[in-house]
Amino acid sequence: MSIFLLFTQSFNAQDIEVCQTCETRSISDAISQAKPGDKIIVKEGVYKEHKIIIDKPITLIGENLPIVDGENKGDIFQVFADSVTIDGLKLINVGSSYTSDFAAIRLSRAKNFLIQNLELRKIFFGIYLEKSHHGTIRNNNILGDAVNEHNSGNGIHLWYSKNVKIEDNLIQKVRDGIYLEFADDCVISNNKSIDNLRYGLHFMFSNDDVYQHNIFENNGAGVAVMFSKRIEMIRNEFKYNWGTAAYGLLLKEINDATIESNIFEENTTGINVEGSNRITYTKNDFKDNGTAIKVLGACYDNIFTLNNFLYNSFDVSFNSRLNTNRFHQNYWSEYTGYDLDEDGYGDVPYRPVKLFSYVVNQIPEAIILMRSLFVDIIDFSEKVSPVFTPDNLLDEEPLIRKYND
């Protein structure tokens, strides 16, 4: 029956044109006239409208990127229907609020939506989903003007929304580029989230999500991943996230995850891990970071294998004497051992934790001694006879040559 209704709507669908000289001159009027399944074509021009309510399944498409100016009065589009497409518009001047999360596009309890090819400027929140499922947000260019966290919003924001694809978007200068909360079974791919005030990506309580081929660069605090299970982060780039509380990737209470084939380059800390268990870190490159991996308390049964640790100030920082994590067959640029049997693995195990990293964790100002002879002596003595670092925190078969995937 539903298939029959969908076919009937498609067969009877009509096009409604909106322009300054057309019979219909506003987008709101066109939506009022439209029947389910109709297409509204918005011609080039400037349309000063806000709180445009879409309550029926329609396609809204712009020609030559028409501008919809919300005049700083709040939400521009509010979508309450399933099977809605919004395509090819430029949305500006959302307006900010200390009590409401105004957005360029807000979807509430909607399904099977497509939001694509938009330009968003002078926004508070960009695209805001609440309890909306099975949709796609694709190829949007979102540029905010965030200055302070307390009066800025997120580029793409999901709350209690499942099975959403977020792909090929460019997000800049908002609070958090992409934010997910209680958003399961989502795929975030091929996005570029850069120069944001806080996080390039921030999610929590969101399980079974996949993050792949994204670029997160020069964000205030990097990427934060919290209180989630069974996530996959594959072939992403985490670069140039510098600051006293900045990380390429922050993992807090993440379990049963895969971190694979990512690049962590020139971050204060490549990965900061806390309370996270049974994670496989494999085929990642850690290059020119302050600390490549910082492992804090309650991290058990994690596996680090086939990673490249290249010219980091500290490869691994560890704050406990207890270790149940395994480092196996990684490449370490500071490894000076030998391979007499030429099997590709060092004959001498490598201990990646320097005693001086413990000192810096306790007294950050001590970093000024980093290149001193004193530091070399205490690090060497700890490697010979470990006292502060776990006895079993070592790579017994370090790679002689860099791993190439």
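What follows is calculated from the coordinates using simple rules that are stated; it is not laboratory data. This structure is a prediction, so every number in the text was calculated from the model and none was measured. Here the Cβ positions follow ideal geometry from the backbone for every residue, glycine too, while neighbour counts run over all protein chains shown.
Taking 8 Å as the Cα distance limit and 6 or more residues as the minimum spacing, I'd like the relative contact order of the chain as a percentage.
6
When only C-alpha pairs under 8 Å and at least 6 residues apart count, what is the relative contact order of segment 1-128, in percent?
Details: 335 pairs, mean separation 23.3, N = 128.
Relative contact order here is 18 percent.
Just report the Cα centroid separation between segment 192-229 and segment 92-167, whole Å.
15
Relative contact order (percent) for segment 240-336, with alpha-carbon contacts under 8 angstrom and 6 or more residues of separation?
After rounding, I find 23 percent.
Enumerate the calculated ³J(HN,Hα) couplings along segment 334-348 in order (Karplus 6.51 cos²θ - 1.76 cosθ + 1.60, θ = phi - 60°), each rounded to whole Hz, writing x wherever the residue is Gly or Pro.
Those phi angles translate into 8, 6, 10, x, 10, 9, 5, 8, 6, 9, x, 10, x, 7, 10 Hz.
Considering only DSSP states other than H, G, I, E and B, which GluC sites (Glu not before Pro) in segment 26-115 qualify as loop sites with at most 15 other Cβ atoms within 10 Å?
Qualifying residues, ordered by number: Glu44, Glu63, Glu71.
Obtain the radius of gyration and the Kirkwood radius of segment 1-129 from its C-alpha atoms and give Rg over Rh.
On the Cα set of segment 1-129, Rg over Rh gives 0.97.
Please report the net charge: other residues with Cβ closer than 14 Å to the Cβ of Lys73, K and R +1, D and E -1.
Net charge in that neighbourhood comes out at 0.
Longest span of the chain, sites excluded, free of trypsin sites (Lys or Arg not before Pro) in DSSP loop with at most 10 other C-beta atoms within 10 Å?
Numbers: sites that count: Arg371, Arg401.
The longest uninterrupted stretch comes out as 1-370.
Averaged across orientations, what area in nm² does the convex hull of the alpha carbons in segment 131-184 project?
Computed as one quarter of the Cα hull surface, the answer is 3.7 nm².
Straight distance only, please: which aspartates and glutamates reach the Cα of Lys35 with their own Cα at less than 20 Å, same-chain residues fewer than 8 apart left out?
In chain and number order, the partners are Asp15, Glu17, Glu23, Asp55, Asp82, Asp87.
Classify segment 76-226 as rounded, prolate or oblate from the Cα gyration tensor: take a ≥ b ≥ c as the square roots of its eigenvalues, call it rounded if a/c is under 1.5, otherwise prolate when a/b beats b/c and oblate if not. Intermediate results must be reported in sequence, preceding the final value.
Details: a/c = 1.37, a/b = 1.07, b/c = 1.28.
Since a/c stays below 1.5, the shape of segment 76-226 is classed as rounded.
If pairing requires two Cys Cβ atoms under 4.7 Å apart, which cysteines of the chain are left without a partner?
Cysteines of the chain left without a disulfide-compatible partner: Cys186, Cys299.
In this model, which of Lys111/Lys192; Lys48/Lys192; Lys51/Lys165; Lys162/Lys283; Lys283/Lys402 are farther than 20 Å apart at the alpha-carbon? Provide the component values of the computation, followed by the final result.
Details: Lys111/Lys192 25 Å; Lys48/Lys192 30 Å; Lys51/Lys165 25 Å; Lys162/Lys283 29 Å; Lys283/Lys402 10 Å.
Long pairs (Cα-Cα over 20 Å): Lys111/Lys192; Lys48/Lys192; Lys51/Lys165; Lys162/Lys283.
Answer rounded, prolate or oblate for the chain, using the Cα gyration tensor with square roots of eigenvalues a ≥ b ≥ c: rounded when a/c is under 1.5, else prolate when a/b is larger than b/c, else oblate. All intermediate terms of the calculation are to be shown ahead of the outcome.
Details: a/c = 3.12, a/b = 2.43, b/c = 1.29.
Since a/c reaches 1.5 and a/b is larger than b/c, the shape of the chain is classed as prolate.
Return the loop-located chymotrypsin sites (Phe, Trp or Tyr not before Pro) in segment 63-103 (DSSP other than H, G, I, E, B) with at most 16 other Cβ atoms within 10 Å of their own Cβ; answer none if there are none.
Those satisfying the criteria are Phe80, Tyr98.
How much mean residue ellipticity at 222 nm does the chain get from its helices, if each DSSP H run of length 4 or more adds -39500 (n - 2.57) and you divide by all residues, to the nearest 500 deg cm²/dmol?
Value at 222 nm, helices only: -2500 deg cm²/dmol.
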